[in-house]
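Taking it in order: structure first as structure tokens, then the write-up.
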Amino acid sequence: MQIRPRLEAVIEDMLDGHIMLDEALEEFEKLYIQKAFTRNKKRISHTADALGIHRNTISKRVNSYRAQERKHSTNGNHRASHKTH
């Protein structure tokens, strides 16, 4: 699989969409870790081995992503309940 051409196409889209580098890197890392975590049946140690990073790093990141998702879902529900018609 040649990854470079695929990445170049994604980068072109992101540049056209005015996505900043820090946002792009953060989103890439988050999605990469989440996909590896799911692929490894949500096993921290297996995911860490697959990505070549320490299991504590995976654990911290996964917990952070979960907290962000809870925050976003709570905010979404809160806003919906105060909507006026």
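The values are calculated or read from the model by the stated rules, or taken from the named source; none is laboratory data. Because the structure is predicted, anything quoted here is derived from the model rather than measured. Every residue, glycine as well, gets a Cβ built from its backbone with ideal geometry; the counts of neighbours run over all protein chains shown. We work out accessible area using only protein heavy atoms, side chains counted, and drop any ligands, DNA or RNA first. Shrake-Rupley method; radii C 1.70, N 1.55, O 1.52, S 1.80 Å.
Filtering the range 53-67 to residues that are assigned to a helix (DSSP H, G or I), farther than 12 Å from Q34 by Cα and open to solvent by less than 90 Å² (accessible area, probe 1.4 Å) leaves N56, T57, A67. For the range 23-36, a residue qualifies if it is open to solvent by 90 Å² or more (accessible area, probe 1.4 Å) and more than 19 Å from T57 (Cα to Cα), and exactly one does: E23. Restricting to the range 4-46, name every residue that is touching a Ser or Thr at 6+ places or on another chain (Cβ under 9 Å), polar (S, T, N, Q) and touching a residue at least 12 places away in the same chain (Cβ under 8 Å). Within the range 4-46, none qualify.
In the list R4, R43, R70, R39, which residue meets the criterion of being of a type outside the set (S, T, Y) and either open to solvent by less than 80 Å² (accessible area, probe 1.4 Å) or modelled with pLDDT under 95 (or both)? Don't jump to the end; show me each part of the working.
On the way: R4 fails: either open to solvent by less than 80 Å² (accessible area, probe 1.4 Å) or modelled with pLDDT under 95 (or both); R43 fails: either open to solvent by less than 80 Å² (accessible area, probe 1.4 Å) or modelled with pLDDT under 95 (or both); R39 fails: either open to solvent by less than 80 Å² (accessible area, probe 1.4 Å) or modelled with pLDDT under 95 (or both).
Every option except R70 fails the conditions.
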